[in-house]
Structure formats: structure tokens, C-alpha cells
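For reference, the structure discussed in these notes is given below.
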Amino acid sequence: MAMLLARIFFDQGTFSAAGFIAVLTDRHQVRAFWNSMLLGVLVGLGGTLIGFLFAFTAARARLPGWLLTVVDAAVLLPLVSPPFTTAIAIIFSFGPRGLITYELLGLKGVTAYGLTSTLASEILTFFPIAYLTLRPLIAAIDSNIEGMARSLGASRWRVFRTVTLPLCVPGLANAFLLLFAASLADFATPLILAGNQFPVLPTQAFLQITGMFDLRGGAALSLVLLVPALAVFLLQRYWVSRRYYVTVTGKGAGQAPHDSVTPAVRGVLLAACALVTVAIVWFYALLLYASLVVALGANHTFTLAHYRVIFTEGLRVIRDTLIIAAFAMPAGGLYGILLGYLVTRKSFPGRQTMEAVSMVNYALPGTIVGIAYLIAFNEPPIELAGTALLIIACYVFRYGPTGIRATIALLQQIDRSLEEASQGLGAGSGTTFRRVTLPLILPAFFAGLGVVFIRSMTAISATIFLVSVSWTLITVKILENITELSLGPAAAYSVLVVVIVFVVIALIGLVLRAFRAPGASRVTSLLGG
């Protein structure tokens, strides 16, 4: 961040804010700023609403286990695929030669570009973050509190409005913040769907660097993104901190769970969730179909040509991505447990600062992180631009904090007396860590490892600035194919990424179950952050 600020405010060793002011006063960039705000707010509101709908239905509608599994799998699809996958599917469905607009409805001259399609794509892509944030929170609310309100004569709607919903406020605020930040950082979806009529700042920053080769201007634009992200964060903290949300009662043993919704409302909730789920399944089925036909909308003859392309011409890209993910995965896992262990179990000056700094990479929009890495490592003494090492470092330090938080959460549940007993019997601190602590925090290692791998396969906002001729990634290749209108190979790459990520999630899930102690609760979501 220091290098980013220096690049913006220092010109040949002299302090100058002229470049930054020029960005702030440029009418086109000002318009892009307000467009970004509008899109971020709408995505935050829409995504949080849909996430709450799914979370409330999953936690309160008493769905059978198989149906919950179906909902979870559909919701996770957008999270384990490149962030602009739904944008491709929207073009396939509603574009000038889309299956729905052209083939089904016979409409001609239809455009799928603009605010509406960009908003729909980002909401479908990011609402699972709100779902993962809100579902455990709603499930943790003691249903007996709602039951007591009902026994005092309140209707179900009044209980929901005055008890359940207020207790969800911290989760709703967090979900809105996460979605707002995700929208601010996403440049690929607006690049594909927004077009010139709806410019946004992340796209402008990307084009400023890659199109106009103006690194300083791109850095200034990315810095502007910090202001709204920080403002929403502070507003969210202030809003949530004004009230208490602690439910002091535990789960009441022996009491029947409160029936939060009537059968009719349960049906409505299920129908609404089914509508969104069908849309997601449709988009991904269409993506698979598009990867298996010659040209969707023009020639629907089945072919494996697109897969032949990606496994011949694109083999180096697949190899590069897997190599980088394979190195980043263990490094990110180790970084997470070591730093989590140090800040939780050791006392030294700067411990809290170390923890806070480790989270900065995680909290900042990816566009800022990518540009900051490019500026910091583009010149001597540490010149790493264009190398795989820089991409791996970006993944490790940006997504490793998931493992840090999981390690801290686990260590807070482990009594220090276990380690003290080991040391009391003569074992050194290294032996105690290796034979006592490490086996207990291994689930956190695998959780961090899984997140780093998934993000290594799907992230683009930060690493788009770090790829080179020598090392590139599948997500970047998909974006190149889309801009070149090679939609078939782009769909084939997307399907390949989803398959690889699901296989790795399944394998890591098996390992997590093997290392989890009997009766222990789930440590963390593989997809956190």
C-alpha cells in the first residue's frame, strides 16, 4: 500500500497530487465512480435479500436433508466457478442470438448489455456469500425465544418482524458489506456486460493500465475505490454497534423447536428458492451445452472441438494454473496455521499489528491488491513482475487469512493446559507443537488449503495484473476468449474449472472428515471469504 501511495503522490521524487486530482475531476471517471456506487448498493441489497431468503428457508423451513443438499450444491456453483461465468450464460440466454431471446421468442436486435444484465449477473454470482454468512447466524438463534413470543400471543409475522429479523441485523450488515465490496472489486462482469454506456471504476482502472499503459492513473483510480469500501465498513460497524444482539439463553433441552413458518409460507419460500435455483442450474447447464456444440445460437451440432482446443492450444494455460495452484495451496495452508498459532499462543511486540496487517490483503478489493503488487514488485530491488512466484505470493497472502482465522478459532477452543502438560513432561516447544498442537489444528490447515486452491482456480480481479507471456491463468484465458467472441472454448474452460474445483473440494472434504475428532463441530467453510 505504501508503494501504491508513493506511485500516486510522488512524481520523480517530488510530491504531487495533480494526477490524483485530475482523476477526481475527470467527468468520465466521476460518472464511473457513481455508476460503481449504484451497482455496489444494488448488488448489496439484492444479493443480501436473496441470500437471506435462502438462509431463512434452509434454517427455518425444515427441509429434508436431500433437498438441502440440492440447494447447497446449486448455491455453491457460482462460488466455485470464475466470477464472470454467469455473464457468459446471460449472453447465451439473452444475447442477440440467445436461446431465449432469439431461438425461443424470435426477437431480433436484442442486446444483453447494460446495467440490468450486469446487476443480475453480479447478484447471482455473489449472493451465495450472503447465504453462507446468514445461514449459520439464523440457525444459531434460539428458536425457544421465538416460541416464547408466540406463547405471549404474537403472530408469526410479528415474531419474525420484532424478534428474528432484528437478531439478524449484524449478519445482514456483514452480508451487505461483503457483497458491496465484491461488486466494487469485480471488473470482469462489467467488462463483459456493462459496455461503454455504463462504465465502472474497476473496469476503468484495468483499461487505464492495460489499454493506455498508465500505471499511475490506474493506481489512482483503484485508490478511489477504497473510500466507499471504507465508508460502508465504518457505517456498518456504527449501525450494528448501536444495539445488542446477544441471545443469552442456550438451546432449551426438552422443548419442541418453534415452527417459524406455516405450510403455506413454506411453500412460497420454497417456490422462490426454486426459481433462483432453476435459473442457476439453467445457466450452468447452458454453459455445458455451449461447450459441446459448434456455435450456440448458430450451429447446434454436437462436437468436442472446443475441448480439443483447450487440451491442445490451451494445455499450457491449464498446466500453468494447476502448477501455481499446487504451489500456492500448501504454502497458503502453512502460512495460515503458523501465523494463526503465533498470534494466538505467543506473546511478542507487534502481535496484534501482525494479525491486522495479515488481514489487509484479504479485506481490500482485488483490483487494488493486484495493482499494488504490480507496483511494489515491478522494479529492483525485488523485481518479480511476470513470474509465477508473484502470482503465488498474491494468492498465499490474499487468501491465506482464511486459514489464519480458522486456526485462531480452533486454538481458542483448545485448553492451554494440554500444551503445558506436554512441556511439563519435558517436551520442548517444537515437539509440543508438532505432536500436540499441530494434530489438533490440522482441519484449519486443510480448510485454508482448500480456499487457496479454489481461489487460485477462479480469482481474476487481482491476478489479471500479474500474468505475463510466461505465466497465465485459465480465468484470464476465459476472459480473452470472451472478448474475442470465442464463446465455445470459454464455456469449455469454465466447465473444466468447475469440475476440477468440485473434485478438489470433495477430496479435501474427505480429508477433513478423516482428521475431525468424533463429535467435533465443523471448523470452517472451505469457501469462506
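For the stretch 165-195, taking the residues that are under 18 Å from Phe33 (Cα atoms) and not aliphatic (A, V, I, L, M), the one that is most open to solvent (accessible area, probe 1.4 Å) is identified as Gly195. Restricting the search to helices (runs of 4 or more DSSP H) fully inside the stretch 1-77 and requiring at least 3 residues that are closer than 30 Å to Leu115 by Cβ and open to solvent by less than 60 Å² (accessible area, probe 1.4 Å) gives 18-25, 27-60, 65-76. The residues on offer are Ile8, Ile50, Ile90, and the sole one that is more than 30 Å from Tyr373 (Cβ to Cβ), hydrophobic (A, V, I, L, M, F, W, C), touching a Phe, Trp or Tyr at 6+ places or on another chain (Cβ under 6 Å) and in contact (Cβ under 8 Å) with a residue 60 or more places away in the chain is Ile50. Can you work out which of the residues in the stretch 211-230 that are more than 17 Å from Arg7 (Cα to Cα) and either in contact with a helix residue (DSSP H, G or I) (Cβ under 8 Å, 6 or more places away or on another chain) or of a type outside the set (A, V, I, L, M, F, W, C) (or both) is surrounded by the fewest Cβ atoms within 10 Å (Cβ to Cβ)? Within the stretch 211-230, the match that is surrounded by the fewest Cβ atoms within 10 Å (Cβ to Cβ) is Gly211.
The set of residues in the stretch 359-403 being small (Gly, Ala, Ser) and open to solvent by less than 10 Å² (accessible area, probe 1.4 Å) consists of Gly366, Gly370, Gly400, Gly403.
Out of Arg405, Arg455, which single residue is closer than 27 Å to Val498 by Cα, over 15 Å from the mean Cα position of the chain (by Cα) and assigned to a helix (DSSP H, G or I)?
Values: Arg455 fails: over 15 Å from the mean Cα position of the chain (by Cα).
Result of the check over Arg405, Arg455: Arg405.
Just for the stretch 93-106: of the residues that are part of a helix (DSSP H, G or I) and free of Cβ contacts under 8 Å to residues at least 12 places away in the same chain, which one is surrounded by the fewest Cβ atoms within 10 Å (Cβ to Cβ)?
Selected residue: Leu104.
Val70 passes every criterion in (1) more than 15 Å from Phe126 (Cβ to Cβ); (2) in contact with a helix residue (DSSP H, G or I) (Cβ under 7 Å, 6 or more places away or on another chain) apart from (2). Scanning the stretch 285-310 for residues that are in a helix (DSSP H, G or I) and closer than 19 Å to Lys477 by Cα gives Leu287, Leu288, Ala290, Ser291, Leu292, Ala305, His306, Tyr307, Arg308, Val309, Ile310.
What is the residue count in the stretch 207-237 for residues that are in a helix (DSSP H, G or I) and farther than 26 Å from Leu45 by Cα? Break it down into steps so the answer makes sense when it comes.
In the first step, residues of the stretch 207-237 are kept if they are in a helix (DSSP H, G or I); the result is 207-210, 215-237.
Right, trim to farther than 26 Å from Leu45 by Cα and you get 207-210, 215-220.
Of the residues in that region, 10 qualify.
Once the stretch 331-343 is narrowed to residues that are more than 11 Å from Gly400 (Cβ to Cβ) and touching a Phe, Trp or Tyr at 6+ places or on another chain (Cβ under 9 Å), the residue that is most open to solvent (accessible area, probe 1.4 Å) is Leu342.
Within the stretch 409-429, residues that are at pLDDT below 80 have Cβ atoms under 8 Å from residues that are part of a loop (DSSP other than H, G, I, E, B) in these pairs: Ala409/Val523; Ala409/Thr524; Leu410/Val523, counting only partners at least 6 apart in sequence or on another chain. A count restricted to the stretch 281-332 and to residues that are under 21 Å from Phe502 (Cβ atoms) and in contact with a Lys or Arg (Cβ under 8 Å, 6 or more places away or on another chain) stands at 2.
Could you please find all residues in the stretch 148-162 being surrounded by fewer than 18 Cβ atoms within 10 Å (Cβ to Cβ) and part of a helix (DSSP H, G or I)?
Met148, Arg150, Ser151, Arg156, Trp157, Arg158, Arg161, Thr162 - these are the residues of the stretch 148-162 that are surrounded by fewer than 18 Cβ atoms within 10 Å (Cβ to Cβ) and part of a helix (DSSP H, G or I).
The requirement of being closer than 24 Å to Pro190 by Cα and of a type in the set (Lys, Arg) is satisfied by Arg97.
In the set Ala372, Ala385, only one residue is more than 18 Å from Gly450 (Cα to Cα), in a loop (DSSP other than H, G, I, E, B) and touching a residue at least 40 places away in the same chain (Cβ under 8 Å); that residue is Ala385. Given the criteria part of a helix (DSSP H, G or I) and surrounded by fewer than 17 Cβ atoms within 10 Å (Cβ to Cβ), does Arg135 qualify? The answer is no for Arg135.
The values are calculated or read from the model by the stated rules, or taken from the named source; none is laboratory data. All values derive from a computational prediction rather than experimental measurement. Cβ atoms come from the backbone with ideal geometry, glycine included; neighbour counts cover every protein chain shown. Surface accessibility is based on the protein's heavy atoms, side chains included, excluding ligands, DNA and RNA. Shrake-Rupley method; radii C 1.70, N 1.55, O 1.52, S 1.80 Å.
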